[in-house]
1. For the stretch 92-117, which residues satisfy the criterion of being surrounded by fewer than 16 Cβ atoms within 10 Å (Cβ to Cβ) and either part of a loop (DSSP other than H, G, I, E, B) or at pLDDT 85 or above (or both)?
2. Can you confirm whether Arg223 is in a loop (DSSP other than H, G, I, E, B), among the basic types (Lys, Arg) and either touching a helix residue (DSSP H, G or I) at 6+ places or on another chain (Cβ under 6 Å) or not assigned by TED's automatic domain parsing to the domain that holds Ser77 (or both)?
3. Report those strands (runs of 3 or more DSSP E) wholly inside the stretch 35-91 carrying at least 2 residues which are at pLDDT 85 or above.
4. When you check Ala202 against the structure, is it crowded, with 23+ Cβ neighbours inside 10 Å, within 16 Å of the chain's Cα centre (by Cα), in a helix (DSSP H, G or I) and aliphatic (A, V, I, L, M), yes or no?
5. Output the qualifying pairs, or none if there are none: Cβ atoms under 8 angstrom, residues six or more apart or on different chains, first residue in the stretch 169-193 and over 13 Å from Asp207 (Cα atoms) and not assigned by TED's automatic domain parsing to the domain that holds Tyr98, second residue assigned to a helix (DSSP H, G or I) and of a type in the set (Phe, Trp, Tyr).
Amino acid sequence: MKTFTILLFVLASINNWAQNAAIKINYEDSTLITVQLDGVSYSDPAPIIFINGLQAGEHQLKVFKLMKMGSSQVNQSVYDGFITLQTNMTKIFVINRYNQLRDVGSEAINNTSENTESRDNPQGRFVPDPAKINSGTSAYTSGQGMSNNQWQQQLEMLRLNNSESSRNTSAKQLLSLYTINSNQLAELMLLFQNEQNRINLASFGFDYIVDKQNFGVVYNALRSPRSINRLDRRLRGRI
């Protein structure tokens, strides 16, 4: 009986140890954020959502941000994917001004509390992923970008231009003459092989896009975090 009691105690201790993981999400404005972790929703008017008592391992994470669209408000998806939590560690994320969820890193759980300040590197490290550019997505209204049919026609005309220099000139004319959204700007950047041309086009297009709050998707059309830093420097003072 004594051996059985000890075994139960050991198993309970192992279970508690495995559940000693946490996640913290900071965001830079006062917009309401909703977090779904493994199907359970969390929300807090404070600029930090802190969830502890979690099990180490893989979890499904969805993050939504309440956005105004016309006369109504909708939950815009910021992130939908899987994260891995480690025992005795708090995984820290930041939602930046471009509505990107960035992985800042982890810290020991004993050094984390609900009121912990954000780390010295709040922007974190963002790795571009072209698959996150929703190619062919129709705009909701004409005020949110060119219609899908019109946009695909414009892209096809640019693809027929074999000169990257000439294509760059035409792309800038397109941006200045038509209503373009962030996703369309990202698609446009993918037409260029030269990375500097992509950076220049993103910087130029920033002044013309109609949904600057979604500009984060543009970073996925770049090839490396170094390119993202270069574009960030170009945009300082224009946000």
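The values are calculated or read from the model by the stated rules, or taken from the named source; none is laboratory data. These figures come from a predicted structure and were not determined experimentally. So basically every Cβ, Gly included, is an ideal-geometry build from the backbone, and we count neighbours across all protein chains shown.
1. Result: Arg97, Asp103, Gly105, Ala108, Ser113, Glu114, Asn115, Thr116, Glu117.
2. Judged against the criteria, Arg223 is a match.
3. 48-54, 57-69, 72-85
4. no
5. Listed pairs, sorted by first residue: Gln184/Trp151; Glu187/Trp151.
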